[in-house]
Amino acid sequence: MFKGVGDCPALRIFAVGKKAGFGGCLKENVGFFLMKNNSISRVLVTLLVLCAPFVSCHQGTANPDEKDLTPSDMSSLLDTSVRGEVSLRQPVSVTEILSRRQIPVLCYHRIRPWTESDGRIAKDNVIPPYLFKAHMRILADSGYHSILPDDLLDHLEYGDALPDKPVMITFDDGSIGQYDIGIPTLESHGFRGVFFIMTIATGRKGYMSAAQLKEMSDRGHLIASHTWDHHSVLTYDSAAWKVQLAGSVKTLEGITGKPVRYFAYPFGLWSPAAFPYLRASGMRGAFILATKRDTTDPLMTLRRINVPGYWNEKAMLQNLKRSFR
Ligand SMILES: [Zn+2]
């Protein structure tokens, strides 16, 4: 399964994870999770490797003297002038939401040519530009229409109509190819994308700048939160929530001038313990990867499939149809 990882530091995850279970840092948690769930483990290892420069085992956010932050304190940290009114419409029941057909949501990471050092693991999350363009072209030629999270949530919660053959196209982390290649390709087909940004990387080499995020938002794409530094939510104490969620939301709202109401869990790892913090921060929806939804709060566990860079356009389409029924 992990052939080809070689001397990748991610292998060390297993050793520490074995000892620590879910109690310690992100790397330990991921290790434990990988042992439990082999079917998506390779994707998780890749995500960890890609994001390794931003992840450390030092939370650095807990301060024993600081008053504990409760979920209900979260909204007080955010700027109400940006956030506006929440809908007063009555949502349908959870049972009805779960009974609705799932709408396909694709998840891409880096868009750039492969390099010689890219192994199978890297290729899970790096798609060459020509292939990304082919993916978008086949979606358009097959009659798909891109939707944004508000379209999806209005459909799930209130039964609002969606266009024929809806698809959501999402991108994680904020690497620069998403702007250079992703935006013009999406727009050439009239598509709009959803960009989950880890704000620590904004403006760094290889990542999109604040000005680029603002431009994308102004052009109708959606900018949303992927935490501050990509730690898994499974590790958060209340102080970490303040930094990772409220901090990233505030930063992004400062850049775009628009409310951030959507979140993607780093590595797709989630826990019901996250829901109160997400809800209290005004999140309408939170996105996982291809694991099962939570049956009590499915809007906090909206499914996506990670699109590896070695799926040709037909394979992407087949997987899209197979995974969302
Ligand atoms: Zn990520």
Of everything in the stretch 302-320, what is among the basic types (Lys, Arg) and not in a helix (DSSP H, G or I)? Give them in sequence order.
ARG303, ARG304
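What residue, of THR291, THR227, THR295, is within 23 Å of MET74 (Cα to Cα) and of a type in the set (Ser, Thr, Tyr)? Walk me through how you get there before you give the answer.
Details: THR291 fails: within 23 Å of MET74 (Cα to Cα); THR295 fails: within 23 Å of MET74 (Cα to Cα).
Residue meeting the stated conditions: THR227.
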Taking THR301 as the residue in question, decide whether it is of a type in the set (S, T, N, Q) and at negative phi.
yes
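Every read-out reported here was derived from the displayed coordinates using simple, explicitly stated rules and does not represent laboratory data. Since the model is a prediction, treat every value here as computed from it, not as a measurement.
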